[in-house]
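Throughout, read-outs are computed from the coordinates displayed, never taken from laboratory work. Note that this is a predicted model, so its numbers are computed, not measured. Here Cβ is always computed from backbone atoms with ideal geometry, including for glycine, and neighbour counts include all displayed protein chains.
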Amino acid sequence: MRKRFVMLTSASAGALMLALAAPAMAAPEADTIVTFDVTAGSLDITAPAGPVDLGDGAPGSTITNQLGVVAVSDTRGGATSVWDATVYSTAFTNGALTIPVGAVSYWSGDSLPGSETGGGTFTPGQPTTDDQVPLTGTAITAIPAFSHSGGTGGSTASWNPTLVVRVPITAQLGTYTGTVTHQVA
C-alpha cells in the first residue's frame, strides 16, 4: 500500500512539472486605448506683398489687371466654418498728385480651380466683371471679396481678383502707388 501512495505522488509531481514547462497560450487580441487632441488653429488671409505693377495707361483710359492670388485658410476647427473676406484701399499717389480710391474698382472672380476645401458654400464677392464695385478707403466700409458659410472644421479658398483703374482725364504723368488691403473675419 505504501508503494501506491509514493507512485501517485510521483505521477502527480510529473504531471505538475509537465504543466509548468508547457508554453503559455497567447491571447487572440490585445487592446490599447489611444487619445489625441485636435486643437484650434487660426483664420488667416494672404495676398501678394507687391509691389504689383498693373500696367500703364494715358489720362482718360482704363488699366485692368489681376492683383495676384489671395487665399483664406480657416483651421479653427469649429462646429461651423464661417468667414467673410473684405477689401479696401488707400488713394493712389505720386508725391502731391492723387488718383482717388473711388477710381479703382475690384472684382474677385470665382475661386481658383481646386482651391476650395471643406464643406459648405463658397461665395465670390463679384463673380464677373459686370459685378465690379469701386474700392472704399477704410476697413469699416470695406467691400465683400469672398465668403464661406456652413461646413464644419476648416476650409480654404483662393481667388485672383482684378483691379480696374479708371485714370482720370486730369491725371498727370508718373507712377502712382497705393495699398490694397484684404482682411478676413
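The long axis of helix 2-21 is offset from the longest Cα principal axis of the chain by roughly 10 degrees. Selection among N160, T75, A91 by position relative to the dipole of the chain gives T75 as farthest towards the positive end (Cβ unit charges, Cα centre). With K and R counted +1 and D and E -1, the other residues having a Cβ less than 13 Å from that of T175 yield a net charge of -2. Evaluating 6.51 cos²θ - 1.76 cosθ + 1.60 at θ = phi - 60° for every residue in the range 156-167, the Karplus couplings come out as 9, 7, 9, 8, 10, x, 10, 9, 10, 9, 8, 5 Hz, glycine and proline recorded as x.
Given +1 at the Cβ of Lys and Arg, -1 at the Cβ of Asp and Glu and no other charges, the dipole of the range 43-184 around its Cα centre is 220 debye to the nearest 20.
Ordering A103, P59, S147 by Cα displacement along the dipole of the chain toward the positive end leaves S147 in first place; charges were set at the Cβ atoms of Lys, Arg (+1) and Asp, Glu (-1).
Close amide H pairs (under 5 Å, H built 1.01 Å from N) link T152 with S81, G119, residues at least 5 positions away or on another chain.
Near T123, within a Cβ-to-Cβ distance under 14 Å, what is the net charge of the other residues, with Lys and Arg +1 and Asp and Glu -1? Don't skip to the answer; put the middle values down first.
Details: positive: none; negative: D84, D110, E116, D131.
Neighbourhood net charge equals -4.
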